[in-house]
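S.K.: I have a structure here, written as structure tokens, and I will follow up with some questions on it.
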Amino acid sequence: MTFVSSLLYVFFFLNVAAPPEFSTRLASSAASDVYKRQGVWTAAEVGSRALGDADAVPFGDYHVAKDVGVALLGRRIDDVELAEVLEPWRGHRFRVVRLVGLSPLVGTDRRGPRMARVDHRRI
């Protein structure tokens, strides 16, 4: 992630007033293409990991909704229900997701047979 992308996150997703000359330069540069291609998941990951945003939830992540649903409700949920479940913790939603992910008590059910052992000496 580049410095310009980080500034984009701060200005556009956190509703911080950008200087007028920044938006003029941004519109004429190649960095505007980076902003247009940046999705919700990418913005949340950059915000939480690089910028320390405690409220950036990575919606669309493969396992986050399932893990939070099993931990807090005892069943699997989708992203829409995840937003509803995390609403009481607005401002600290990434912290809740992270604590659930780090909890050793949250186990998800496994499905399907185990993989056969592979003898790597013969590869």
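The values are calculated or read from the model by the stated rules, or taken from the named source; none is laboratory data. Small disclaimer: the values here were computed from a predicted structure and weren't measured. Cβ: placed from backbone, ideal geometry, glycine included. Neighbour counts: every protein chain shown. Quick note on the areas: whole protein, heavy atoms, side chains included, nothing else; ligands and nucleic acids left out. Shrake-Rupley method; radii C 1.70, N 1.55, O 1.52, S 1.80 Å.
S.K.: Before we move on, is D67 part of a loop (DSSP other than H, G, I, E, B), without any contact (Cβ under 8 Å) to a residue 60 or more places away in the chain and either within 16 Å of the chain's Cα centre (by Cα) or surrounded by 14 or more Cβ atoms within 10 Å (Cβ to Cβ) (or both)?
M.R.: Numbers: part of a loop (DSSP other than H, G, I, E, B): no; without any contact (Cβ under 8 Å) to a residue 60 or more places away in the chain: yes; either within 16 Å of the chain's Cα centre (by Cα) or surrounded by 14 or more Cβ atoms within 10 Å (Cβ to Cβ) (or both): yes.
When the stated conditions are applied, D67 does not pass them.
S.K.: Go through the stretch 70-123 and give me each residue that's open to solvent by 80 Å² or more (accessible area, probe 1.4 Å), in a helix (DSSP H, G or I) and of a type in the set (A, V, I, L, M, F, W, C).
M.R.: If the condition is that a residue be open to solvent by 80 Å² or more (accessible area, probe 1.4 Å), in a helix (DSSP H, G or I) and of a type in the set (A, V, I, L, M, F, W, C), then V80, W89, L99, L102 are the ones that fit.
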